[in-house]
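Report on the following structure.
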């Protein structure tokens, strides 16, 4: 089912959406100062191509280690992102989700737009992985946190 959803999504806009996100990422990389946001654009672009069965997860939960994107600097980058466009990008995906839900047949696409709206709000420090990997990473992270509390 994921494969069929991804093929339909790709053909009916996912390809173009992913290319636009990647193009924005290239432009941001050219500016040098925009490199962190360019990486975020590539992350969102990757999810935009084939979102079914994928999930954006915090990199710290995935790896168990903090990095620049999951630290205070990443939070600052997300605040700047939100102010200069993240809100509007998320709003556009939310509106697309509403329209998709109204059509009934577009409900699966609406769910994917909701996923893209969430990552559009604060993409820095996120990684796109399979849902199963994200679930397992959360379990392992929870085990680690519980272990820290017990010690």
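The values are calculated or read from the model by the stated rules, or taken from the named source; none is laboratory data. Quick caveat, the model's predicted, so the values are computed rather than measured. When we count neighbours, we look across all protein chains shown, and the Cβ atoms used for this are built from the backbone with ideal geometry, even at glycine.
Observations on the structure shown:
- Verdict on residue 47 being in contact with a helix residue (DSSP H, G or I) (Cβ under 8 Å, 6 or more places away or on another chain), touching a residue at least 60 places away in the same chain (Cβ under 8 Å) and buried (at least 20 other Cβ atoms within 10 Å of the Cβ): yes
- Scan of region 19-37 for residues that are in a helix (DSSP H, G or I) and either on the phi > 0 side of the Ramachandran plot or buried (at least 20 other Cβ atoms within 10 Å of the Cβ) (or both), ordered by number: 21, 24, 25, 36, 37
- Among the candidates 90, 94, residue that is modelled with pLDDT of 95 or more and either assigned to a strand (DSSP E or B) or touching a helix residue (DSSP H, G or I) at 6+ places or on another chain (Cβ under 8 Å) (or both): 94
- Filter result for residue 68 (modelled with pLDDT of 95 or more and either surrounded by fewer than 20 Cβ atoms within 10 Å (Cβ to Cβ) or closer than 27 Å to residue 145 by Cβ (or both)): no
- For region 23-44, the set of residues classified as in contact (Cβ under 8 Å) with a residue 24 or more places away in the chain and more than 21 Å from residue 113 (Cα to Cα) consists of 36 only.
- Filter result for the condition that a residue is touching a strand residue (DSSP E or B) at 6+ places or on another chain (Cβ under 7 Å), closer than 30 Å to residue 141 by Cβ and assigned to a helix (DSSP H, G or I), over 44, 80, 111, 119: 119
- With respect to (1) on the phi > 0 side of the Ramachandran plot; (2) under 12 Å from the mean Cα position of the chain (by Cα), the lone exception for residue 85 is condition (2).
- Failed item in (1) without any contact (Cβ under 8 Å) to a residue 40 or more places away in the chain; (2) surrounded by 14 or more Cβ atoms within 10 Å (Cβ to Cβ), with residue 5 passing the rest: (1)
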